[in-house]
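Structure first, commentary second.
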Amino acid sequence: MPRYAHTVDGTRYRFADLKSLLAKATPARSGDHLAGIAAGSDEERVAARMALAELPLATFLDEVPIPYEEDEVTRLIIDEHDNTAFAPVSHLTVGDFRNWLLSEAADEPTLAALAPGLTPEMAAAVSKIMRVQDLILVAKKCRVVTAFRNTIGLAGHMATRLQPNHPTDDPAGVAASIVDGLMYGCGDAVIGVNPASDNVHTVTTLLRMLDAVIAKYRIPTQACVLTHVTTTIEAIGRSAPVDLVFQSIAGTESANAGFGVNLAVLAEARDAALSLRRGTVGDHVMYFETGQGSALSANAHHGVDQQTCEARAYAVARKFKPLLVNTVVGFIGPEYLYDGKQITRAGLEDHFCGKLLGVPMGCDVCYTNHAEADQDDMDALLTLLAAAGVNYVMGVPGSDDVMLNYQSTSFHDALYIRQVLGLRPAPEFEAWLRDIGIFAPGEALALAQDLPAPFRHALAKLD
Amino acid sequence: MDDPADTPVIPDAWAKLRRFTPARIALGRAGTSVPTEAQLAFQLAHARARDAVHHSLATDVLRTALAQRGHTVATVRSAAPDRKTYLQRPDLGRRLDETSRTALAALKAADDAPFDVAIVLADGLSAFAIEQNALPFLDAMLPRLPASAWKLAPLVVAEQSRVALGDDIAVTLHARMVAILIGERPGLSSPDSLGIYLTWQPRIGTTDAQRNCISNIRREGLDIDLAADKLLWLMNEARSRQLSGVSLKDDTQAPHERLAAPATNFLLDSLP
């Protein structure tokens, strides 16, 4: 028996269950078509949105798209739901929740207090009936500030991850890209390397190198080697200097199993990193990456649309008080997000849902060569996300990641958006950039002409 | 040579670091943006990578060249009718269209005895990879497979193909293992990279964990002869141990693990 229905000019559209209603209300994207759960026509899609808009928000506490008994992410969402925080919106439908979010009543402190009262499905549902400008406007009002050796997410600021990957993890090659990024003012979110090898020895070598660079040049930032969480736990066991624990996560228990993780191992890793007490201004020690389509690609989506699955990943993330969370929005490929239009919408949805749920969202604004996308699409998404108050974006030399073979945002891109929107780096990091002479003295964020002395000395040895 | 005073481009003072990495570092800047020359170089690389994705495999040229070498060749298509569908429906790229299946079934051995190995040349995400690397690779590989030791199925050229199409092909031809040469997803600086996936006793639904992969075969990447040695080693091991995939570790890959890399570098060696 279909539980949900909506009539448009005499045509009755029926939706078998809540997850079907959510899937059919989702803006068109290739992954939901691949899964066979997308709306069959544009009219059906809007009919689903109309039915969704009439649904009381509280429905999502009674009916879950993935059964409580089968999935620890569902149990996390339900068991940790804060009914008191939910109270201010508990009487609203999804449609009126959108209206309320756009209203002046939904200001920064109100939204921060509401976050623990929202479930990922509520955030996903309302995002499906929001336009791009709605996603930007509301996300801009959600502030999520985190700290480790600097403070990320403050109003008027945007940080960057310096991503100095190298095809064979060669430390000198990594160091060369680090210099490139630092000299362009990047690296306050994290200096984060994706290693080519998962070998614990390689990972430890890179961790020691990053730690030594940060210490020697007194950079107020944190390092991370983005390897599997169990490898990082092993590295901590070998006394490696771990600032942040990285892990890719998804929104279902079985998709996380595909990544080789569960909630227990994430908790174990967080405890291990906290025990090192390496933060100076805060103790957010986790770094998560997510992306629409990961549950489907692991055949672990339970018939739930990819955007709702993605929002559920943020429930996993917020449990562990992360410093950084970013969707890697265009990495997965055209079978999930076909073109620039789909990638753009997905990036803004992810940022909105994450922020609404209280997650410190950044975004890897990116694409692969088999997607219908190019640098113009990335410029547009970067600009929209920065307008929406994204916590950080990536910085890759010349946009070309020579290890992972995809294109992301560059150090130059970050300076472009700083210039256009007046966004500043994390305050502690900006002070360092000025002190060491990467930025010229003065209020404006202008790059200095000369190489700072410590770096000039380091490079002089190469002649 | 431009006089530096004549150009608004501000060069980066660390250009000598380029020796350490293929990354696009020290591009210089126009204001704070990417200078014109670097921007156009990037666009050229992206254009080549996209052309690689959308280029149709020149099957006639390939068939002729293989026939001249005395090989029987079959050409097949996946169930994905065009590139746009192929890119969005990996499930269709994993199975044969029915016409191809019928034609291929006619090439089974007369006594229906299994072939030892089926070799498939598949466009994947870069037909350039096949056009530039497949023939040199076969010229190196096939002499390593004497008829006395290996009963080879007819060579198969496959269009709109994913890796798992090889499973459908092997089942249809009745082959005990399949080696599929396939164009890898083009990188910005590697539009023609060839990958080879070997699968023992392929079936419909075989997962990637049951395959062994040799990646990055191209002029600037893994050498053809080295790749042929690796594949032969994997084929012999797969046949004798009757398995492939994660439990079949490729010992010849040891040089890949450059673990001796020093933890130190120019940034750390000394500071005044």
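Read-outs throughout are calculated quantities, based only on the coordinates presented, and are distinct from any laboratory measurement. Owing to the predicted nature of the structure, the values given are computational and were not obtained by experimental measurement. Neighbour counts run over all protein chains shown; Cβ positions are idealised from the backbone, glycine included.
Spatially, the range B:195-239 and the range A:353-407 are offset by 34 Å when compared through their Cα centroids.
Screening chain A for whole DSSP H helices with an alpha carbon extent of at least 27 angstrom along the helix axis and a mean Kyte-Doolittle hydropathy of at least 1.6 yields nothing.
In the frame of its principal axes, the range B:52-139 has Cα extents of 40, 29, 20 Å, reported largest first.
Given Cα pairs under 8 Å that are at least 6 residues apart, what percent is the relative contact order of chain B? Rounded, it is 17 percent for chain B.
Excluding same-chain neighbours fewer than eight residues apart, the lysines reachable from residue A:216 by a Cα-Cα span under 24 Å are A:461, B:16. Each residue of the range B:28-34 is assigned a 3J(HN,Hα), and the resulting list reads x, 8, 10, x, 10, 9, 5 Hz, derived from the Karplus form 6.51 cos²θ - 1.76 cosθ + 1.60 (θ = phi - 60°), x at Gly and Pro.
Measure up B:108/B:151; A:24/A:128; A:19/A:140; A:341/B:84 against 20 Å on the Cα-Cα distance and list the ones that go over. Exceeds cut-off: A:19/A:140. Per the Cα gyration tensor, the range A:215-277 maps to an equivalent ellipsoid with semi-axes of 24, 12, 10 Å, ordered largest to smallest. Taking the fewest neighbouring Cβ atoms within 10 Å as the starting point, the ordered list for A:63, A:44, A:335 is A:63, A:44, A:335.
Straight-line reach only, C-alpha to C-alpha below 16 angstrom: list the aspartates and glutamates that residue A:141 could link to, leaving out same-chain residues fewer than 8 apart. Straight-distance partners of residue A:141: A:104, A:107, A:108, A:349, A:350.
Dimensions of the range B:1-108 from C-alpha coordinates, computed as largest minus smallest value along each principal axis and given longest first, are 71, 34, 25 Å. Using equal-weight Cα scatterers in the Debye expression, the normalised intensity of the range A:197-236 in log10 at q = 0.28 Å⁻¹ is -0.91.
The mean number of Cβ atoms from other chains found within 10 Å of a Cβ in peptide A:163-176 is 6, as a whole number. Based on the reciprocal of the average 1/r between different C-alpha atoms, the Kirkwood radius for the range A:243-359 equals 14.5 Å. What FRET efficiency comes out for the pair residue B:139/residue A:265, r = Cβ-Cβ distance, R0 = 60 Å, nearest 0.05? The calculated FRET efficiency here is 0.80.
Modelled spin-label separation between residue B:61 and residue B:152, with each label point placed 7 Å from Cα along the Cα-to-Cβ direction: 2.2 nm. Remark: the residue A:87-residue A:145 segment gains 18.5 nm on full extension, using 0.36 nm per residue and subtracting the alpha carbon distance. Stokes-Einstein diffusion for the range A:1-105 at 37 °C, viscosity 0.692 mPa s, with a Kirkwood radius from C-alpha pairs, works out to 217 µm²/s. Each of residue B:243 and residue A:450 was given a label point 7 Å from its Cα along the Cα-to-Cβ line. The distance between the two points is 6.4 nm. When Rg and the Kirkwood Rh are both derived from Cα coordinates, the Rg/Rh ratio for chain B amounts to 1.08. Shape annotation for the protein assembly as shown: C-alpha extents along the principal axes are 78, 78, 53 Å, from largest to smallest.
As a rough footprinting exposure proxy, the listed residues B:46, B:54 were ranked by other beta carbons within 10 Å of their own, and the order from fewest upward is B:54, B:46.
For residue A:169, the residues whose modelled amide H falls within less than 5 Å of its own, excluding neighbours fewer than 5 places apart on the same chain, are A:196. Convex hull volume per residue, computed on the Cα atoms of the range A:270-337, equals 99 Å³. In this simple spin-label model, placing a label point 7 Å from the Cα along the Cα-to-Cβ direction at both residue B:51 and residue A:78 gives a separation of 5.7 nm. Using a Gaussian network model of chain B in which every pair of alpha carbons under 10 angstrom is joined by a spring, one finds that among B:244, B:161, B:148 the greatest mean-square fluctuation is at B:148.
If R0 equals 35 Å, the separation of the Cβ atoms of residue A:298 and residue A:43 corresponds to a calculated FRET efficiency of about 0.65. Within the range A:119-214, the proportion of C-alpha pairs whose separation exceeds 22 Å stands at 49%. Look at B:206, B:64, A:232, A:59 and count the other Cβ atoms within 10 Å of each Cβ; fewest to most, that gives B:64, A:59, B:206, A:232.
Choose one answer from B:21, B:199, B:75: the residue with the largest mean-square fluctuation in a GNM of chain B with alpha-carbon springs under 10 Å. Highest fluctuation of the listed residues: B:21. Rounded to the nearest angstrom and listed largest first, the equivalent-ellipsoid semi-axes of the range B:145-233 from its Cα gyration tensor are 22, 17, 12.
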